[in-house]
Amino acid sequence: YGTKSKKISDEVKKIDKKLSKLNWDIILSDHGMLNVREFVKVPETDKCFIDSILLRYWEKKPEGIPLNKCKRIRWNKKYGDYIYLANPGVVFLPNYWQTEKIKGMHGYNPKIKDMKAFYMIRKEGKKKDLTMKQLHSYLS
């Protein structure tokens, strides 16, 4: 539905109302969400895996990657010899997860503000953005 839809806003309000009745100290989410602005077709080869926001190719460097829509990242070679991460708001379509256009996507670069999702919530309602390392220190 996208991050700005009334349907999402109404659902978040319902969840918020339920949570407000609980005595929570911490609420976690595994990622944030961005609206999808653009769908990009990418080359498919015999040795690739096309995720919504990640392109992974093995052995041969792929031709025709739209480098203005993504950037190459260095990662463990078992996940691909050539790996590309979509720019925020870009989704590769078709991919091996979706066949239809969607309005919201997660998993972009975690340095993007809207991808931050771990929050420590105190009873007085103040939040603090946490890194995974900080979260582990609170939980251990």
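Considering only the range 11-51, how many residues are charged (D, E, K, R) and modelled with pLDDT of 90 or more?
Within the range 11-51, the first condition is being charged (D, E, K, R), and the residues that meet it are 11, 13-14, 16-18, 21, 25, 30, 37-38, 41, 44, 46-47, 51.
Then keep just the ones that are modelled with pLDDT of 90 or more; that gives 37-38, 41, 44, 46-47, 51.
Number satisfying all stated conditions: 7.
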Scan (1) among the hydrophobic types (A, V, I, L, M, F, W, C); (2) open to solvent by less than 30 Å² (accessible area, probe 1.4 Å); (3) under 18 Å from Arg37 (Cβ atoms) for the single condition Ile83 breaks and write down its number.
(3)
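So, in the range 95-121, of the ones that are assigned to a loop (DSSP other than H, G, I, E, B), of a type outside the set (Val, Ile, Thr) and open to solvent by 80 Å² or more (accessible area, probe 1.4 Å), which residue ends up nearest to Val40 (Cα to Cα)? It would help to see each step written out before you state the result.
Within the range 95-121, the first condition is being assigned to a loop (DSSP other than H, G, I, E, B), and the residues that meet it are 95-103, 106-112, 116-117.
Okay, now just the ones that are also of a type outside the set (Val, Ile, Thr), so 95-98, 100-101, 103, 106-111, 116-117.
Still in the list and also open to solvent by 80 Å² or more (accessible area, probe 1.4 Å): 96-97, 100-101, 103, 110-111, 116.
Working: Tyr96: 14, Trp97: 14, Glu100: 13, Lys101: 11, Lys103: 14, Pro110: 21, Lys111: 22, Lys116: 25 Å.
Filtering first and then ranking leaves Lys101.
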So, first residue polar (S, T, N, Q) in the range 93-115, second residue modelled with pLDDT under 80 and not in a loop (DSSP other than H, G, I, E, B), Cβ within less than 7 Å, six or more apart or across chains; the pairs are Asn109/Met115
Filtered residue count, the range 68-80, keeping only those that are in a loop (DSSP other than H, G, I, E, B), open to solvent by 80 Å² or more (accessible area, probe 1.4 Å) and either at pLDDT 95 or above or among the aromatic types (Phe, Trp, Tyr) (or both)
2
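Do you know which residues across the range 36-65 are more than 20 Å from Trp97 (Cα to Cα) and either open to solvent by less than 70 Å² (accessible area, probe 1.4 Å) or in a strand (DSSP E or B) (or both)? Spell out how you get there, then give the answer.
Restricting attention to the range 36-65, the residues satisfying the condition of being more than 20 Å from Trp97 (Cα to Cα) are 59-64.
The answer is Pro62, Gly64.
The values are calculated or read from the model by the stated rules, or taken from the named source; none is laboratory data. Source: prediction; values computed, not measured. Note that we place each Cβ from the backbone using ideal geometry, even for glycine, and neighbour counts take in every protein chain shown. In case anyone asks, the SASA skips ligands and DNA or RNA and just uses the protein heavy atoms, side chains included. Shrake-Rupley method; radii C 1.70, N 1.55, O 1.52, S 1.80 Å.
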